[in-house]
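Following: one structure in C-alpha cells, then a few remarks.
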Amino acid sequence: MRGNKFFVALGAVALAACSACSPPAPQGQEPPQIPKITPPTTPSRVPAMVDRPLPDDCELVVPVDVMNATLGQELPGEPRIIIGIKEPGIGRTGKIDCYYGIPEKKNLPDAKVIVGLSTYTDELTARTRVTESVEAERQDGAKITEVDVGKQKGTLIEGKEEQLLIGSLGKTTFVVRNRNNFIPQAKLTAVLPVLAQQAMTPPV
C-alpha cells in the first residue's frame, strides 16, 4: 500500500511542477484547437473491360451471383458452357457461350440469357464481324440502337424472337442475348450492358 501512496504523491508533485512551468491561459479564451488530420482515402480499384483471353468457365464470364443480382431474381439451374471451334475462314480463333437460366430437365434452347465471347485474328476482323451481324439484323427488320457498355460502345438489336447486345474490344467480340423476351423491353438498356461489361472484365 505504501508503494501505491508514494506513486500518487510523486505524480502529484510532478503535475504541480509541470503546471508551474506553463503560464496560465487568459480568462475567457479557449485553448487553440488542434486541427484533425484525416489521412487520404485510397479509391477502390474498379475492374475495367479489357481484351481478355477466353475463359474456360462461365463463372469467369458472368458469375451466377452477378447474373442474379443484375436481373433482380434467381435464375433456375446451373450455367452450361459450350466451347466453339476455330473458324479460320472468318478469322475466328476461339469461341465460348454460356447459357443461363435453363430449367431442370430442359435444354440449351430454353436458356433465359446467353453470354458469348469470340476472339479473332485482329481488331479489324472482330469489328467487321460485329458490323456484318448488325447489318444482317437490320435487313431482317430489327431495331438498332447504340448504347454505352462501360467506356465502350455496343449495339442493341431488338428482333422479334430475341434481343441482343453486341460489340467488340480489341480482338474480342461480346454478345448478350435475351431469349424469348425474358427481360422486359423497358429494362434492356439497364441490364444487357451490365452483363456485357462483366463478360469483358476479368476477375481481380
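A compact table of results
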read-out: Odd one out for Val62, checked against (1) within 19 Å of Asn181 (Cα to Cα); (2) hydrophobic (A, V, I, L, M, F, W, C); (3) surrounded by 19 or more Cβ atoms within 10 Å (Cβ to Cβ); value: (1)
read-out: Residues (closer than 24 Å to Leu60 by Cβ, in contact with a strand residue (DSSP E or B) (Cβ under 7 Å, 6 or more places away or on another chain) and not in a strand (DSSP E or B)) located in region 134-181; value: Lys171
read-out: Hey, Ala136 free of Cβ contacts under 8 Å to residues at least 40 places away in the same chain and buried (at least 16 other Cβ atoms within 10 Å of the Cβ) or not; value: no
read-out: Exclusive hit being part of a helix (DSSP H, G or I), within 21 Å of Leu117 (Cα to Cα), under 15 Å from the mean Cα position of the chain (by Cα) and modelled with pLDDT of 90 or more, set Asp51, Asp65; value: Asp65
read-out: Yes/no for Val204 being among the hydrophobic types (A, V, I, L, M, F, W, C) and modelled with pLDDT under 95; value: yes
read-out: Some residue of region 86-93 being touching a Leu at 6+ places or on another chain (Cβ under 6 Å), outside any strand (DSSP E or B) and not aliphatic (A, V, I, L, M); value: no
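Residue-by-condition table, conditions (1) among the basic types (Lys, Arg); (2) surrounded by fewer than 16 Cβ atoms within 10 Å (Cβ to Cβ); (3) under 22 Å from Leu71 (Cα atoms); (4) in contact (Cβ under 8 Å) with a residue 12 or more places away in the chain:
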{"site": "Gly94", "(1), (2), (3), (4)": "no, no, no, yes"}
{"site": "Leu108", "(1), (2), (3), (4)": "no, yes, yes, yes"}
{"site": "Ala111", "(1), (2), (3), (4)": "no, no, yes, yes"}
{"site": "Leu124", "(1), (2), (3), (4)": "no, yes, no, no"}
{"site": "Gly150", "(1), (2), (3), (4)": "no, no, yes, yes"}
{"site": "Ile157", "(1), (2), (3), (4)": "no, no, yes, yes"}
{"site": "Val176", "(1), (2), (3), (4)": "no, no, yes, yes"}
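The values are calculated or read from the model by the stated rules, or taken from the named source; none is laboratory data. Everything numeric here is computed off the predicted structure, so don't read it as measured data. When we count neighbours, we look across all protein chains shown, and the Cβ atoms used for this are built from the backbone with ideal geometry, even at glycine.
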